[in-house]
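S.K.: For reference, the structure I am asking about is given below.
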Amino acid sequence: MLTALTVQQFLSELAKGSATPGGGSAAGMEGAQGAALLAMVCNLTIGRRKYADVEEEMQAALDRAERLRLRLLDLVEEDTRAFDGVMAAYKLPRETPEQKAARSAAIQDGLKEAARTPMETLEACVAVLELAPGVVSKGNPNVISDGGAGVLSAHAGMMIAALNVRINLNAIRDEIFVAEQSAKMDALIARGDAAKAKAWAIVAERLGM
């Protein structure tokens, strides 16, 4: 499992000359890091008398951040499995017209799955970003820089995931599927950008940037 590797081992796997793991798995890891940093802010706020009035809200945010972190770690693995399916389809025989047709259909099915997985990663990163404004505005100000790092990590994960959605959509011939997924991606990116801007404005103000 990729997520069971050390950081050094994971980066070594990314650096290898193979198709997987790649950007999709990296997107999941970035998003999970963002969720973890927001969870850190929550944990350093909860239980402190000074922030008792936001205790319940921070606990809810912590629970949400942890669920998203675990989901994004799952998506690190799922993205690699999805693209491995595409690579397996490309290796199918193509000696006869029937084999060529079956191979082509398998490739297209694999590409759709390879687009859906980073879309889920993108969606989860957006959820992290939408959690961020409340966390950075009400969390312990002593760790506001860590909250800001979480915002940037989640946004990076979102954009990396979008790149992986797009490259797969570009190879899919089903125009309806491509149009639907493109519209979904654009809407998610707009939401994520808006949440990132809101959270970052809070971080910048609190740090005097």
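The values are calculated or read from the model by the stated rules, or taken from the named source; none is laboratory data. Predicted, not measured: the structure shown is a model, and the values here were computed from it. Because the Cβ atoms are built from the backbone with ideal geometry, glycine has one as well, and the counts that use them run over all protein chains shown.
S.K.: ALA32 passes all but one of (1) modelled with pLDDT under 95; (2) in a helix (DSSP H, G or I); (3) under 20 Å from the mean Cα position of the chain (by Cα); which number fails?
M.R.: Only one criterion is unmet by ALA32, namely (1).
S.K.: Here's a check for you: in the stretch 10-28, which residue that is touching a Ser or Thr at 6+ places or on another chain (Cβ under 8 Å), in contact (Cβ under 8 Å) with a residue 60 or more places away in the chain and part of a helix (DSSP H, G or I) is surrounded by the most Cβ atoms within 10 Å (Cβ to Cβ)?
M.R.: So the residue we want is GLY28.
S.K.: Turning to a different aspect of this structure: Among the acidic types (Asp, Glu) and crowded, with 17+ Cβ neighbours inside 10 Å: is that true of GLU56 in this structure?
M.R.: no
S.K.: Ok, one more. Return the only residue of LEU38, LEU70 being closer than 25 Å to HIS155 by Cα and touching a residue at least 60 places away in the same chain (Cβ under 8 Å).
M.R.: Details: LEU70 fails: touching a residue at least 60 places away in the same chain (Cβ under 8 Å).
Just a single option satisfies the conditions, and that option is LEU38.
S.K.: Separate question: If ASP193 satisfies all but one of (1) surrounded by 19 or more Cβ atoms within 10 Å (Cβ to Cβ); (2) touching a His at 6+ places or on another chain (Cβ under 9 Å), what's the number of the condition it fails?
M.R.: So the condition that ASP193 fails would be (1).
S.K.: Let me ask you something else. Run down ILE189, ILE202, ILE176 and say which single residue is over 22 Å from the mean Cα position of the chain (by Cα) and under 30 Å from GLY139 (Cα atoms).
M.R.: Among ILE189, ILE202, ILE176, only ILE202 is over 22 Å from the mean Cα position of the chain (by Cα) and under 30 Å from GLY139 (Cα atoms).
S.K.: Next up: Condition first: surrounded by fewer than 15 Cβ atoms within 10 Å (Cβ to Cβ) and among the aliphatic types (A, V, I, L, M). Now tell me which residues in the stretch 172-190 satisfy that.
M.R.: Matches in the stretch 172-190: ILE176, ALA179, ALA183, ALA187, ALA190.
S.K.: Among the candidates ASP84, ASP79, which residue alone is surrounded by fewer than 18 Cβ atoms within 10 Å (Cβ to Cβ), closer than 23 Å to MET1 by Cβ, within 20 Å of the chain's Cα centre (by Cα) and touching a residue at least 12 places away in the same chain (Cβ under 8 Å)?
M.R.: When all the criteria are applied, what remains is ASP84.
S.K.: Output the residue which, of all residues in the stretch 99-138 that are surrounded by fewer than 24 Cβ atoms within 10 Å (Cβ to Cβ) and hydroxyl-bearing (Ser, Thr, Tyr), is nearest to TYR51 (Cα to Cα).
M.R.: Selected residue: SER137.
S.K.: Hey, another quick one. Could you go through the stretch 166-175 and let me know if any residue there is in a helix (DSSP H, G or I), in contact (Cβ under 8 Å) with a residue 24 or more places away in the chain and more than 24 Å from MET58 (Cα to Cα).
M.R.: For the stretch 166-175, residues in a helix (DSSP H, G or I), in contact (Cβ under 8 Å) with a residue 24 or more places away in the chain and more than 24 Å from MET58 (Cα to Cα): present.
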